[in-house]
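Right, one structure below, let's go through it.
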Amino acid sequence: MYASIEVLGSSGTSRVGAGTVAAKHPQLADGSVAERCVIAAVGNGSAAALARLYDAHADTVYRVSYRLCHSSTEASDVMQDVFLDLPHTIQSFEGRGSFEGWLKQVATHATLMMMRAKKRRREVPLGEIADTRHARIEPMRLAGIGLERALARLPERMRVVVVLREIEGYTHEEIADLLGVKPATSVDRMYEARKRLRQILEA
């Protein structure tokens, strides 16, 4: 599914692709001593350690990105960028939460930045809905409804809010910060997304 990426380390450049290191390395347990050692090694420029993190988390990064942008090509690009930049960005990981959770945030931010750059190139302004609704939105129950297919049919501005709120667990205030909109706009887009999903399911 994924293209291979080049990983730079103290010993030079090596080629890493999905599945390349799977046979060599056991799965890293989240928060384990082994994972912490690998994270520290990546920060010190180890290509072998980066390969282990790639093997353990590439699918997660790709999935988060794909659900936001719904483009396999762009999700693959984001995934590669995230791991190529990881020796630098990993310095900001403080170990307070899970590494996978932190990496999801990195993937989310990278995908949103890519989507914003794409919109700027097309000169399409980010639209907002005028009549916002401030009522609390109860969590949607997405299991068993063909999530990927339903999300693919939502407009981008709705899909992004659904993914961030219902799948990744962000609050509307956090979503507003990520998207550069008001929290009420996030609530409104969620409300509209729920209506659109019902129409899709009832069609």
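FYI, it's all coordinate maths here, none of it is from the lab. Everything numeric in this text was worked out from a predicted model, so none of it was measured. Quick reminder, even Gly has a Cβ in these numbers, built from the backbone with ideal geometry, and neighbours come from all protein chains shown.
Summary value for the range 147-202: 39 percent relative contact order, contacts being C-alpha pairs under 8 angstrom separated by 6+ residues. Under the simplified labelling scheme, the Lys182-Asn44 pair shows an inter-label distance of 5.1 nm, with each label point 7 Å from Cα along Cα→Cβ. Quick one: if the Förster radius is 35 Å, what FRET efficiency do His88 and Glu202 give, using the C-beta to C-beta distance and rounding to 0.05? Between His88 and Glu202 the formula returns 0.15. Modelled spin-label separation between Ala34 and Arg63, with each label point placed 7 Å from Cα along the Cα-to-Cβ direction: 2.0 nm.
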